[in-house]
Amino acid sequence: MDVLSHYSSPVIEFPATQPLEKQNALVDNCTGTDPPPPSKDVATATQLKKEMATQTEQLSARTDGSVEYDERALAKWLRQIYPLVERELSQPTPLMDEDQQQLTSQVALQEQLLVQIYQNLPMGCMDNSQGLAIWLCVHTNNAPVLVTTTVAPHDDWCEHVDQQLKLFVPQRVAHGDFVVYKEMKTLPLKSCLRSLSTNSFNKNMFAGATMDGELFVWLYEQSRGASDTNVDIKQLHSVSSTQGAAVALDWVTEQRLLACYPNGTVLQWLVSKQMTLDWEYAATVGGELSTMVSLGLNDFVLGTNDGGVYRCWSTTDRSSGKPLQMLALRRHRFMVSTLLRSEMDGHPIVISCDLSGQAYYHDMRHEDEDTAQLIVQIPLPFKNSIACSRDAKIIYCPSNDGALEYYRVSDGAHAHVKGALRGRGNLIMISDNGCWLITGLYGSEFQIFYIENNLRE
């Protein structure tokens with residue numbers, strides 16, 4: 001006889017398809033001869049709707065059909081619901097998460113502006129150098145000519161004499177709808193350049209200031225013919241100044257060049273058959289001048305190393321001897337590293353940026369007041385060099401390792417283009433048509449970006 005085990009097997013349950021507590025009435029479906037019960041058609045009958053929103057109606061109704069409300073219950077319900085409503089209004093529930101909003105804005109910005117790495121330009125210089133670059137006239141396929149140079153690390157007095165100015169010209173690629181920048185000309189320099197500036201009234205002309213206090217004016221020339229190799233850089237003028245190296249250059253007209261110096265001196269040169277000094281202005285701004293931008297004849301903006309921004313102008317010709325008027329604009333906390341002239345919504349503005357990446361938009365429509373109401377804080381890491389689009393609504397910044405970051409001023413959306421170089425870029429320059437960007441210097445290379453605006457009309 002087998003010994004029974006005390007092991008209990010698990011219970012396997014098959015739940016009923018119908019609830020056990022529910023009783024279903026069985027109906028006989030057989031055919032009968034009894035007459036059907038009397039029925040009443042209620043499809044068109046109206047039903048009285050009872051409002052239970054506040055749960056304060058009494059069960060008893062008056063003879064006239066109206067409902068009697070309990071005032072005490074209504075007051076009690078209002079006291080309970082009021083704090084909840086007030087809390088909801090003071091802290092409304094967001095429509096979407098902040099990270100999701102930021103991601104949506106970033107995707108929208110990347111769809112609007114397609115920024116891609118176009119080409120690297122090797123310079124063959126020593127590492128840890130800085131670079132200067134400017135865009136000249138458009139050559140082909142909406143691509144402008146490019147001039148670059150390198151600046152070796154040193155103080156104001158320059159020991160490096162083996163410096164060169166290089167000309168890169170875009171060349172069409174056979175069987176392709178794109179161009180490649182090729183080095184077409186190399187011009188030796190006496191010393192490193194401190195600043196470069198393109199003549200916006202004649203983009204074949206540009207100027208440069210050396211570390212030893214000389215000013216040069218060059219002319220880009222292209223021979224008429226089928227070949228694109230007949231290009232040259234011709235030196236037009238060269239003058240020396242006792243003020244030292246000019247920290248910034250800008251063109252007032254086609255034949256007038258402004259140069260500003262750290263000691264507060266601003267010189268205007270008349271560039272014609274000869275290069276002569278037109279007038280000299282000494283700005284009393286306290287700190288040293290770090291940058292400058294011209295707004296027109298006898299009208300310019302200065303930036304200093306202690307964060308000051310000053311507008312200087314005169315309503316009369318400077319040859320009359322009347323001094324310039326000066327207006328202190330909104331001040332930065334750190335050195336002003338960049339001044340840009342642009343337009344926003346059809347109004348002239350000046351964008352000033354300091355070493356902390358804080359940018360001010362100064363409205364230049366009023367001469368007697370500063371209307372810098374728009375402030376943009378570029379996220380970390382700090383950017384001391386910026387460029388902007390033609391409508392001033394997009395700010396571009398060079399990042400580490402050849403990367404590029406750009407920001408939309410209206411909503412703060414930003415996007416990132418990953419780079420593949422080494423080093424930290426100190427230069428960024430955008431072309432006048434807003435399609436080309438150059439950044440650098442990364443090791444011994446510049447990097448060119450191409451910008452395609454998908455919303456362009």
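The values are calculated or read from the model by the stated rules, or taken from the named source; none is laboratory data. Since we're looking at a predicted model, the values are computed, not measured. Methodologically, a virtual Cβ is constructed for each residue, glycine included, from the backbone with ideal geometry; neighbour enumeration extends over all protein chains shown.
Are there strands (runs of 3 or more DSSP E) fully within segment 214-308 with at least 1 residues that are within 24 Å of SER342 (Cα to Cα) and without any contact (Cβ under 8 Å) to a residue 24 or more places away in the chain? List them.
It comes to 299-304.
Test of understanding: among GLU88, GLU98, which residue is surrounded by fewer than 14 Cβ atoms within 10 Å (Cβ to Cβ), at pLDDT 70 or above and farther than 30 Å from TYR220 by Cα?
When all the criteria are applied, what remains is GLU88.
Failed condition for VAL301, given (1) under 23 Å from LEU132 (Cα atoms); (2) in the same structural domain as VAL145 (by TED's automatic domain parsing), with all others met?
Answer for VAL301: the failing condition is (2).
Take VAL138 and decide whether it is modelled with pLDDT of 90 or more, over 22 Å from LEU404 (Cα atoms) and among the β-branched types (Val, Ile, Thr).
yes
Here is a yes/no grid of residues against (1) outside any loop (DSSP other than H, G, I, E, B); (2) among the polar types (S, T, N, Q); (3) within 15 Å of the chain's Cα centre (by Cα):
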residue	(1), (2), (3)
PRO323	no, no, no
LEU327	yes, no, no
ARG330	no, no, no
ARG333	no, no, no
THR338	yes, yes, yes
ILE349	yes, no, no
SER352	yes, yes, yes
ALA359	yes, no, yes
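Within segment 393-421, work out how many residues are crowded, with 21+ Cβ neighbours inside 10 Å and on the phi > 0 side of the Ramachandran plot.
Residues flagged as crowded, with 21+ Cβ neighbours inside 10 Å and on the phi > 0 side of the Ramachandran plot within segment 393-421 amount to 1.
Of the residues GLY296, GLY286, only one is on the phi > 0 side of the Ramachandran plot, surrounded by fewer than 16 Cβ atoms within 10 Å (Cβ to Cβ) and modelled with pLDDT under 90; which?
GLY286
Name every residue in segment 165-211 that is surrounded by fewer than 21 Cβ atoms within 10 Å (Cβ to Cβ), over 30 Å from LEU297 (Cα atoms), modelled with pLDDT of 90 or more and not hydrophobic (A, V, I, L, M, F, W, C), in order of residue number.
LYS166, GLN171, LYS182, GLU183, LYS185, THR186, PRO188, listed by residue number.
I'm trying to understand the selection: among the residues of segment 444-457, which are touching a strand residue (DSSP E or B) at 6+ places or on another chain (Cβ under 8 Å), surrounded by fewer than 16 Cβ atoms within 10 Å (Cβ to Cβ) and part of a loop (DSSP other than H, G, I, E, B)?
Across segment 444-457, the qualifying residue is only ASN454.
Could you count how many residues in segment 391-419 are part of a strand (DSSP E or B) and either outside the structural domain of THR439 (by TED's automatic domain parsing) or touching a helix residue (DSSP H, G or I) at 6+ places or on another chain (Cβ under 8 Å) (or both)?
4
Can you name every residue in segment 337-375 that is modelled with pLDDT of 85 or more and among the hydrophobic types (A, V, I, L, M, F, W, C)?
Of everything in segment 337-375, those that are modelled with pLDDT of 85 or more and among the hydrophobic types (A, V, I, L, M, F, W, C) turn out to be LEU339, LEU340, MET344, ILE349, VAL350, ILE351, CYS353, LEU355, ALA359, MET364.
In segment 379-391, which residues are under 14 Å from SER352 (Cα atoms) and at pLDDT 90 or above?
ILE386, ALA387, CYS388
Quick check on my filter: what residues within segment 106-135 are modelled with pLDDT under 80, of a type in the set (A, V, I, L, M) and out of contact with any Lys or Arg (no Cβ under 6 Å at 6 or more places or on another chain)?
Within segment 106-135, VAL107, ALA108, MET126 meet the criteria.
Which condition number does LEU257 fail, the rest of (1) surrounded by 20 or more Cβ atoms within 10 Å (Cβ to Cβ); (2) in contact with a Cys (Cβ under 8 Å, 6 or more places away or on another chain) being met?
In the conditions (1) surrounded by 20 or more Cβ atoms within 10 Å (Cβ to Cβ); (2) in contact with a Cys (Cβ under 8 Å, 6 or more places away or on another chain), LEU257 misses (2) alone.
Looking at LEU427, LEU404 in this structure, which one is within 15 Å of GLN119 (Cα to Cα), in contact (Cβ under 8 Å) with a residue 12 or more places away in the chain and touching a strand residue (DSSP E or B) at 6+ places or on another chain (Cβ under 7 Å)?
Result of the check over LEU427, LEU404: LEU404.
Considering only residues of segment 422-443 that are surrounded by fewer than 21 Cβ atoms within 10 Å (Cβ to Cβ) and at pLDDT below 90, which is nearest to the chain's Cα centre (by Cα)?
The residue in question is ASN426.
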